[in-house]
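Report on one structure; see the data block that follows.
All of the numbers you see were taken from the coordinates with simple rules; none came from a lab. The structure displayed is predicted, hence computed values, not measured ones. Cβ atoms come from the backbone with ideal geometry, glycine included; neighbour counts cover every protein chain shown.
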Amino acid sequence: NLGNVMLGSRLGPVVGIDQCVNPIRHAAGLSTYLQRVRRAIEEAREGPATAFTAVKTAILNNTAIDLDDVEVRGLCAGCVELLTEVSRLSASGELEQKLFAISSEVDRSFVASDTSSEAALCCDMVRGVVATVRDALSV
């Protein structure tokens with residue numbers, strides 16, 4: 001849904017607004033999601049990037065820009081570069097520090113009694129996705 005995403009200029013940022021993170025609680029649903037993550041990474045690395053067809057279509061529908069194959073490959077390369085950095089942050093322990101800092105800030109910002117457990121569930125999902133990313137990139 002690009003209705004809540006602001007696309008910058010050629011090398012500018014992509015900014016998500018009005019975003020919400022919900023952890024996938026159902027084990028089979030999480031497994032299916034992680035398989036899709038793995039497939040998308042493999043396609044981004046090796047092509048053809050059929051998983052990125054939906055992204056190409058969303059960009060066309062929301063901006064009237066029809067990405068060609070070279071531009072889609074550039075998008076894929078950028079995703080792999082980002083995920084490689086995430087993998088590096090995980091391996092160095094920096095990601096865990098960031099998750100702790102974010103969880104602590106969420107806990108301080110909200111008084112609801114279940115906020116801490118929700119933040120922990122979100123962090124656990126991030127860890128699961130990052131483990132899948134690291135595994136997929138090491139293939």
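Over all directions, what mean area does the Cα convex hull of region 76-115 project, stated in square nanometres?
On the way: hull surface 14.9 nm².
Projected area, direction-averaged: 3.7 nm².
When a/c is below 1.5 the answer is rounded, else prolate if a/b is larger than b/c, else oblate, so apply that to region 2-137 with a ≥ b ≥ c taken from the square roots of the Cα gyration tensor eigenvalues.
Prolate, since a/c reaches 1.5 and a/b exceeds b/c.
Quick one: what are the phi-derived ³J(HN,Hα) couplings along region 66-81, Karplus 6.51/-1.76/1.60 with θ = phi - 60°, whole Hz, x for glycine and proline?
So the Karplus estimates, Gly and Pro as x, are 9, 5, 8, 4, 5, 5, 5, 5, x, 4, 4, 4, x, 5, 4, 4 Hz.
Test of understanding: ordering CYS20, CYS79 by Cβ neighbours within 10 Å, fewest first, what list do you get?
CYS20, CYS79
Trypsin sites (Lys or Arg not before Pro), restricted to region 86-139: which are DSSP loop and have at most 11 other Cβ atoms within 10 Å?
Values: sites: ARG88, LYS98, ARG108, ARG127, ARG134; in loops: none.
Filter output for region 86-139: empty list.
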